[in-house]
1. Calculate the dipole size of the stretch 39-78 relative to its Cα centre from +1 charges on Lys and Arg beta carbons and -1 charges on Asp and Glu beta carbons; express the result in debye to the nearest 20.
2. If you put +1 on each Lys and Arg Cβ and -1 on each Asp and Glu Cβ, how big is the dipole of the chain around its Cα centre, in Debye rounded to 20?
3. Name the shape class, rounded, prolate or oblate, that the alpha-carbon gyration tensor gives for the stretch 2-77, where a ≥ b ≥ c are the square roots of its eigenvalues, rounded holds for a/c under 1.5, and otherwise prolate holds if a/b is larger than b/c and oblate otherwise.
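Each value in this text was obtained by applying a stated rule to the coordinates, not by laboratory testing. Everything numeric in this text was worked out from a predicted model, so none of it was measured. Note that each Cβ is placed from the backbone with ideal geometry, even for glycine, and that neighbours are counted across all protein chains shown.
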Amino acid sequence: MNYVYVLKSKLFNEIYVGHTTDLKQRLKDHNFGKSPHTSKFKPWLVVTYCAFDNAQTAINFEKYLKTGSGRAFIKRHFI
């Protein structure tokens, strides 16, 4: 399975969008500071995630969520 996930920082007003095949491990990686893009805003919580059978569909959805209208969609529906 391919997952697209939205994280929210517990301490800061930050969100992060990513994709992975192992959601539990990826969240651990973010919270242990293994990603330079998210290490300064840890700890993180999963706000929502979507599962896809097709990797390219997941990548395309992640790219959409990182656009202005995708960020607005996240704020309108999930945060």
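1. Numbers: 7 positive and 2 negative charges, 67 e Å.
Once rounded to the nearest 20, the dipole reads 320 debye.
2. That gives a dipole near 320 debye.
3. Numbers: a/c = 2.01, a/b = 1.21, b/c = 1.65.
Verdict is oblate for the stretch 2-77.
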